[in-house]
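The values are calculated or read from the model by the stated rules, or taken from the named source; none is laboratory data. Computed from a predicted model, the values in this text were never measured in an experiment. Using ideal geometry, Cβ is built from the backbone for each residue, glycine included, and neighbour counts are taken over all protein chains shown.
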Amino acid sequence: MAEDQGGDVNQGKKTRRRGAALERAILQAAAEELAEVGYSNLTMDAVAARAGTSKNVIYRRWPNRAALSVAAYRQMLPTDPKDTPNAGDLRSDALALLNRANDRLSSPAGKILREILSDIQNDPDRVREIHGQLVNVGVAPWLTILARATARGEVGPEALTPRVASVAVDLLRNEYVINGVTKVPASTIIEIVDQIFLPLVRAHR
C-alpha cells in the first residue's frame, strides 16, 4: 500500500512517493514554510498542503512541529568532510568551527532554530529529543578535528566522544537561548574554546 495519499500530478497521472523521496518533499516543504512564516506560525496543515501529502503521513515520521522543523533545519547543515577546517592545530580548527556555528545561529535559518529551542525549553523530554537530533549531525566536524588532533598527539583518543565533541556548540547555543543575544561576540567564542573546550579535551592526553 502506498504511504502517500497526496502524491504529485505528472502528465495527468498521480505519482505515489515513498521513503526517501517522500521525506525529502516534506522537509523541503517545511523549510520553505519556515522561511516564509517562521516557526511560531508553522502548521502541519500548511506543510502537508505544500508537500502534496497528508498531515497523518507527516505525523508518522515526526511527532510534532518542533521535531519536523529541526529535521528541516538539519538539511541546511554542511555534511561534506571537505568543509571541515584543517589548519593543522586544534585551537584554530575549533575557533573556525565555532565561528561558523555562530554565523549559522545568527542567520535567518538560525533564528528559526532559536525559536524552536526557546519554545521547548520548559519541556525536558522534548529538549532531549531535539538535542539528540542536533548532536547526531552537528557533532561530525568536531569529531573530525578531534580525530586529526589525536593523530597529531594534541589530545588522547578518549576525547573522541559525541558528548565531548558537542560541548563548545552546546555552550554557544546556550548563549542564544538563555541570554537572548542576536549574535555571540568574538570574545565569548574565544573564551568557550580557550577556557572550556581545550582544557576539557586536553585532559584526555
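Say we look at segment 171-183 and pick out the residues that are touching a residue at least 12 places away in the same chain (Cβ under 8 Å) and over 16 Å from GLY138 (Cβ atoms); which of these is surrounded by the fewest Cβ atoms within 10 Å (Cβ to Cβ)? Give the derivation first.
Step one: list which residues in segment 171-183 are touching a residue at least 12 places away in the same chain (Cβ under 8 Å), which gives 171-173, 175-177, 182-183.
Narrowing further to those that are over 16 Å from GLY138 (Cβ atoms): 182-183.
Working: THR182: 10, LYS183: 14.
In this case the residue turns out to be THR182.
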Item checked: Filtered residue count, segment 43-68, keeping only those that are out of contact with any Asp or Glu (no Cβ under 8 Å at 6 or more places or on another chain) and among the aliphatic types (A, V, I, L, M) -> 6
Note to self: Would you confirm, using the coordinates I've provided, whether ARG100 is modelled with pLDDT under 95, in contact with a helix residue (DSSP H, G or I) (Cβ under 6 Å, 6 or more places away or on another chain) and not assigned by TED's automatic domain parsing to the domain that holds ALA35?
What the structure shows: no
Margin query: If a residue must be surrounded by 15 or more Cβ atoms within 10 Å (Cβ to Cβ) and of a type in the set (Gly, Ala, Ser), how many such residues does segment 81-95 contain?
Written below: 1
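Answer yes or no: is there a residue in segment 10-22 that is surrounded by 18 or more Cβ atoms within 10 Å (Cβ to Cβ), at pLDDT 90 or above and not assigned by TED's automatic domain parsing to the domain that holds ASP119. Steps first, please.
Filtering segment 10-22 for residues surrounded by 18 or more Cβ atoms within 10 Å (Cβ to Cβ) gives 17, 22.
Now drop any that are not at pLDDT 90 or above, which leaves 22.
Filter again for not assigned by TED's automatic domain parsing to the domain that holds ASP119, leaving 22.
Yes - at least one qualifying residue is present in segment 10-22.
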Next item on the list: Go through segment 152-205 and give me each residue that's among the acidic types (Asp, Glu) and farther than 26 Å from GLU115 by Cα.
Entry: GLU154, GLU158, ASP194
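Listed here are the residues, each with its yes/no results for (1) in contact with a Pro (Cβ under 7 Å, 6 or more places away or on another chain); (2) within 23 Å of TRP62 (Cα to Cα); (3) buried (at least 20 other Cβ atoms within 10 Å of the Cβ).
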| site | (1), (2), (3) |
| --- | --- |
| LEU97 | yes, no, yes |
| GLU115 | no, yes, no |
| GLN121 | no, yes, no |
| ARG128 | no, yes, no |
| GLY132 | no, yes, no |
| ALA147 | no, no, no |
| PRO185 | no, no, no |
| ILE190 | no, no, no |
Margin query: For a quick check of your reading: which helices (runs of 4 or more DSSP H) sit entirely within segment 125-205 and have at least 1 residues that are within 15 Å of the chain's Cα centre (by Cα) and among the polar types (S, T, N, Q)?
Written below: 167-177
Notebook entry, point to check: Going through segment 151-164 one residue at a time, which ones are of a type outside the set (D, E, K, R), over 14 Å from GLY88 (Cβ atoms) and without any contact (Cβ under 8 Å) to a residue 40 or more places away in the chain?
Noted result: LEU160, THR161, PRO162
Notebook entry, point to check: Among (1) surrounded by 16 or more Cβ atoms within 10 Å (Cβ to Cβ); (2) closer than 24 Å to ALA35 by Cβ; (3) modelled with pLDDT under 95; (4) not small (Gly, Ala, Ser), where does VAL139 come up short?
Noted result: (2)
